[in-house]
């Protein structure tokens, strides 16, 4: 399966989805003008990946190595927050289907609100997060 890369713009984050390596990454700022147009294809792709893994019986692969979801967002608006939660609810579906998942949430040291947003997301989707402080050059 090929890797999907959505390049970042001044309003949208970079998104990488790589099923072969069990990797999803979203980084930079998220404030798309048309939030549905940006996020719906991502949501649909993640749903299809979950189904493909379950139907293909590849669960054993993800028992030893987790499917890693990494979020390095410097900023996201309230419209994006709803769709980020939708992504995380799909992560919960991954987990409930027997796919081992790991969620890494990065935030800038002086941005306690972003750490708290991660904690809220973790609680809402019932999936534990790993928290990391992002270096300034991580967001460039």
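The values are calculated or read from the model by the stated rules, or taken from the named source; none is laboratory data. Small disclaimer: the values here were computed from a predicted structure and weren't measured. Note that each Cβ is placed from the backbone with ideal geometry, even for glycine, and that neighbours are counted across all protein chains shown.
Run down 103, 53 and say which single residue is modelled with pLDDT of 95 or more, within 22 Å of residue 125 (Cβ to Cβ) and in contact with a helix residue (DSSP H, G or I) (Cβ under 8 Å, 6 or more places away or on another chain).
Residue meeting the stated conditions: 103.
Looking at the range 106-121, can you tell me whether even one residue there is in contact with a helix residue (DSSP H, G or I) (Cβ under 6 Å, 6 or more places away or on another chain), part of a helix (DSSP H, G or I) and at pLDDT 95 or above?
Step one: list which residues in the range 106-121 are in contact with a helix residue (DSSP H, G or I) (Cβ under 6 Å, 6 or more places away or on another chain), which gives 107, 121.
Narrowing the set further to residues that are part of a helix (DSSP H, G or I) leaves 121.
Keeping just the survivors that are at pLDDT 95 or above gives 121.
Looking through the range 106-121, at least one residue is in contact with a helix residue (DSSP H, G or I) (Cβ under 6 Å, 6 or more places away or on another chain), part of a helix (DSSP H, G or I) and at pLDDT 95 or above.
Which one is surrounded by the fewest Cβ atoms within 10 Å (Cβ to Cβ), of the residues in the range 39-78 that are on the phi < 0 side of the Ramachandran plot and assigned to a loop (DSSP other than H, G, I, E, B)? Let's see the steps before the verdict.
Going residue by residue through the range 39-78, those that are on the phi < 0 side of the Ramachandran plot are 39-56, 58-78.
Subsequent filtering for residues that are assigned to a loop (DSSP other than H, G, I, E, B) retains 56, 65-66, 73-75, 77.
On the way: 56: 9, 65: 11, 66: 16, 73: 23, 74: 19, 75: 13, 77: 13.
Looking at the filtered set, the residue picked out is 56.
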Of all residues in the range 101-112, count the ones that are surrounded by 12 or more Cβ atoms within 10 Å (Cβ to Cβ) and out of contact with any strand residue (DSSP E or B) (no Cβ under 7 Å at 6 or more places or on another chain). 1
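Of the residues 7, 14, which single one is on the phi < 0 side of the Ramachandran plot, exposed (fewer than 14 other Cβ atoms within 10 Å of the Cβ), modelled with pLDDT of 95 or more and in contact with a strand residue (DSSP E or B) (Cβ under 7 Å, 6 or more places away or on another chain)?
Numbers: 14 fails: exposed (fewer than 14 other Cβ atoms within 10 Å of the Cβ).
Step by step, each of 7, 14 is checked, and only 7 is on the phi < 0 side of the Ramachandran plot, exposed (fewer than 14 other Cβ atoms within 10 Å of the Cβ), modelled with pLDDT of 95 or more and in contact with a strand residue (DSSP E or B) (Cβ under 7 Å, 6 or more places away or on another chain).
Given the residues 93, 88, which is the only one that is crowded, with 20+ Cβ neighbours inside 10 Å, modelled with pLDDT of 95 or more and more than 14 Å from residue 72 (Cβ to Cβ)? Steps first, please.
Numbers: 93 fails: crowded, with 20+ Cβ neighbours inside 10 Å.
The unique qualifying residue is 88.
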Does the range 18-35 hold any residues that are part of a strand (DSSP E or B) and surrounded by 19 or more Cβ atoms within 10 Å (Cβ to Cβ), and which are they? 24, 26, 27, 30
Does any residue of the range 123-140 turn out to be on the phi > 0 side of the Ramachandran plot and either surrounded by fewer than 13 Cβ atoms within 10 Å (Cβ to Cβ) or not in a helix (DSSP H, G or I) (or both)? yes
